[in-house]
Amino acid sequence: MAASDYEIEAVLDEGRSRRVLRARRRCDGVTVVVKQPRPGAAGLAERVRQEYTLLRRISADEVVRALDLDEWQGLPRWSSRGSKAPR
């Protein structure tokens, strides 16, 4: 998915190296949480991929469900939806 595939609604959390956003997927209107490294945090790229892979393996109501892994400004980001994601 491209950056334009999401409509960012709010910044939920922001640190030195990453941002967590509430967004709406334009293709279907689903509200998701997007986690992405901040530009310049290329060292976190592998960690973001690992988080996505782990979330895809877990099936529990208490854990968000990873939906997509894509790239934004050359860095990986994933989106999720589940019990912890805003609805």
For a footprinting-style exposure proxy, rank Ser17, Ser80 by other Cβ within 10 Å, fewest first. Ser17, Ser80
Mind checking the dipole of the chain: about its Cα centre, +1 per Lys or Arg Cβ, -1 per Asp or Glu Cβ, Debye to the nearest 20? 140 debye
Per residue and in cubic angstrom, what volume does the convex hull of the Cα atoms of the range 3-81 have? 90 Å³
When a footprinting reagent is the concern and you count Cβ atoms within 10 Å, what order do Asp13, Asp28, Asp68 take, fewest first? Asp28, Asp13, Asp68
In nm, to one decimal, how far is the modelled label at Ala45 from the one at Asp13, with both set 7 Å along Cα→Cβ? 2.4 nm
Would you mind computing Rg(Cα) / (2.2 N^0.38 Å) for the range 15-57, counting N as its residues? 1.30
Arrange the following residues from fewest to most other Cβ atoms within 10 Å of their Cβ: Trp78, Trp72. Trp72, Trp78
Counting only residues 5 or more apart in sequence or on a different chain, those whose built amide H sits under 5 Å from that of Arg65 are Arg81, Gly82, Ser83
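All of the numbers you see were taken from the coordinates with simple rules; none came from a lab. Bear in mind that the values here come from a model prediction, so they are computed numbers and not experimental data. When we count neighbours, we look across all protein chains shown, and the Cβ atoms used for this are built from the backbone with ideal geometry, even at glycine.
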